[in-house]
Amino acid sequence: ATETATSTATDTPVRRVDALVVGAGLAGLYMLHRFRGLGLSAVVLEAADDIGGTWYHNRYPGARCDVESMEYSYSFSPELEQEWDWTEKYPTQPEILRYVNHVADRFGLRDGVRLGTRVAAAHYRDADGRWTVTTGAGEVYDTEQLVMATGCLSTSKLPEIPGVETFAGRTFHTAHWPQDPVDFTGRRVAVIGTGSSGIQAIPLIAEQAADLTVFQRTANFSMPANNAPLSDEAQAQRKQRYREHREAARRSGFGVPVEEATQSALAVDPAERHAKYESVWGVNLVGLLASYTDSIVDPDANETAAEFVREKIRGIVDDPETAETLSPRDHPFGTKRPCLDTGYYATFNRDTVHLVDLKRTPLQEITPRGVRTTEQEYEVDDLVFATGFDAMTGTLLAVDIRGRGGQRLADKWADGPVTHLGLQVAGFPNLYTITGPGSPSVLSNMMVSIEQHVDFVADTVAYAHARGDTVVESTEDAERGWTDHVREVGEYTLYPRANSWYMGSNVPGKPRVFMAYIGGVGNYRAHCDQLAADGYPGFAFS
Ligand code: N01
């Protein structure tokens, strides 16, 4: 089947497809592949000038995935798994982008992607159960299926302070880094933000800059990446048992196989606990949190892990006052996304690197010459914003999405996202949100979650078509039940105690709701599989 064009009364050509996918990142490309496999005509609309999604935009120095390359990769094709060689334990942004491009070529996906095409609106038509999708340039698509594969962290944000546009020097945001490398040699640089992006970029910027000032609002927990080249032997070994390893990742809590915890952190003596933490320190992102059953639900258990990290910080940073400022004390370990770093804390031992504690001296404004806090003005040549994203919902709500009866998604989600499985929204038939709010998504290895969602969508569409149906819609009941479940599980944990982007609290005015599902990717997958096996209770077909 191919895309067909007709015209409206105003002569705007309408491109009619079976399925429209928004976003040509890892999710959108695989969705295109699956839709084509079902024999559907499908098109991917991508706002950027090339494919890759997150890995196209986030090219800041040090940008690297903090899930291992051999886990952060597609599992749907055993041939692809075997033929692609990764070079490092943790892949750099350029390497992942090469991989995405390889996949697009290998599976012939490129001709299904329209680049430089931003979707502005998507309106459901009650009359015939299809969607009208309009792009920023006024192109019109008519589609049965609409899949938002727009990423969880794709709408960047700047600090809410006056004067950002007045700065006279160079300005960068980690999420919109220039295509060509930026040279900071000999320059006075400010970095605002110490999340994963800032923590990866700061050590490399510090190596070049004459002087670097880091503006920290919230100290973050970071662990050493211990990145290393991947040996041929290690890679060959993994490739031999890839199926088994993928299966373990799918059944795991975070999409990365780790040994299951069996006891409370408070049930073991401090020396044993310390030894356990040492054994997982610097091994991967999730080991410390997954060491004990209650690390993310019991404040005292959590504090043992938090203090272990603080002890590490004190051991690395020479100046005790700087070490203390870098030590998180206002949120439990893991309730804001922990980071992996290469030399982050040691960077603060350089004479040329200074730390400004914004909790003590808040940001006031950006001036033509630099950054002003309540204490002083810092004059710099370059300003780097590592200030994050309007996560999970920002990109979905930036599109004017309207469902049955013209209901706006923005109105429906005014008090926070409500979804069935993080995949569908009642009243918005045939609309799917890949790794949407209410799914494990950002609390997991995204590749595992992306593949599971894409497969679920493709299988559901195939099931509907086999019954002769074209419309699949989650019921209000199913949506309410799932949204309540997501909230209850979240409230059982310590996550809601942090001011994090998981909670929407980094965006002024955003409803304070824990937006991810912490029930574990294995349990979540089993639930979805069961629904499919039972004939999709909670979904209406017509
Ligand atoms: O963004 P962030 P990020 N004034 O929101 C600060 C993924 N990721 O781009 O914490 C002053 O984490 C803000 O302070 P606070 C990963 O999931 C993955 O770093 O809000 N400061 C914070 O320090 C990650 O979690 C990789 O108090 C302001 C920082 O800016 C997610 O992306 C690599 C401010 C923003 O940190 C986002 O990471 C990179 C203000 N007005 C990212 N506003 C991998 O390796 C914000 N800040 C896979």
Next item on the list: Highest first, please rank the peptides 251-258, 317-324, 451-458, 183-190 by the mean number of other Cβ atoms sitting within 10 Å of their residues.
Entry: 451-458, 251-258, 183-190, 317-324
Next item on the list: For segment 55-179, build the charge dipole from Cβ charges (+1 Lys, Arg; -1 Asp, Glu) around the Cα centre, then report which of A122, T174, A63 sits farthest towards its positive end.
Entry: T174
Next item on the list: Please express the Cα-Cα pair-distance distribution P(r) of segment 133-234 as a list of whole percents, one per 10 Å bin, running from 0 to the bin with the greatest distance.
Entry: 10, 31, 28, 18, 13, 1
Next item on the list: Could you work out the local net charge near G163, counting Lys and Arg as +1, Asp and Glu as -1, over the other residues with Cβ closer than 10 Å to its Cβ?
Entry: -1
Margin query: As a test of the formula, what do you get for the chain when each DSSP H run with n ≥ 4 contributes -39,500 (n - 2.57) and the sum is divided by the residue count, at 222 nm and rounded to the nearest 500 deg cm²/dmol?
Written below: -9000 deg cm²/dmol
Checklist line | the chain: translational diffusion in µm²/s, Stokes-Einstein, Kirkwood Rh over Cα pairs, 37 °C, 0.692 mPa s | finding: 135
Notebook entry, point to check: By how many degrees, between 0 and 90 and to the nearest 10, does the Cα long axis of helix 476-492 differ from the longest principal axis of the chain?
Noted result: 10
Notebook entry, point to check: How many nm is it between the label spots at R497 and D484, if each spot is 7 Å from the Cα in line with the beta carbon?
Noted result: 2.7
Checklist line | Cα-based helix-to-principal-axis angle, 270-280 vs the chain, degrees rounded to 10 | finding: 60
Item checked: Relative packing of peptides 279-285, 51-57, 344-350, 435-441 - highest average C-beta neighbours within 10 Å first -> 435-441, 51-57, 344-350, 279-285
Note to self: Can you give me the angle between helix 446-466 and the longest principal axis of the chain, using Cα atoms only, in degrees from 0 to 90, rounded to the nearest 10?
What the structure shows: 10
Check: Share of antiparallel DSSP beta bridges in the chain, in percent to the nearest 5?
Finding: 40
Notebook entry, point to check: Where nothing but the Cβ of Lys and Arg (+1) and of Asp and Glu (-1) is charged, how large is the charge dipole of the chain around its Cα centre, in debye to the nearest 20?
Noted result: 660
Item checked: Average accessible surface area per residue within the chain, 1.4 Å rolling probe, Å² -> 40
Notebook entry, point to check: Carbon and sulfur: what percent of segment 250-359's accessible surface (1.4 Å probe)?
Noted result: 50
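The values are calculated or read from the model by the stated rules, or taken from the named source; none is laboratory data. In this text, all values refer to a predicted model and were calculated from it rather than measured experimentally. All Cβ positions, glycine included, derive from the backbone under ideal geometry; neighbour counts span all protein chains shown. Protein only, heavy atoms only, side chains kept; ligands, DNA and RNA dropped before computing areas. Shrake-Rupley method; radii C 1.70, N 1.55, O 1.52, S 1.80 Å.
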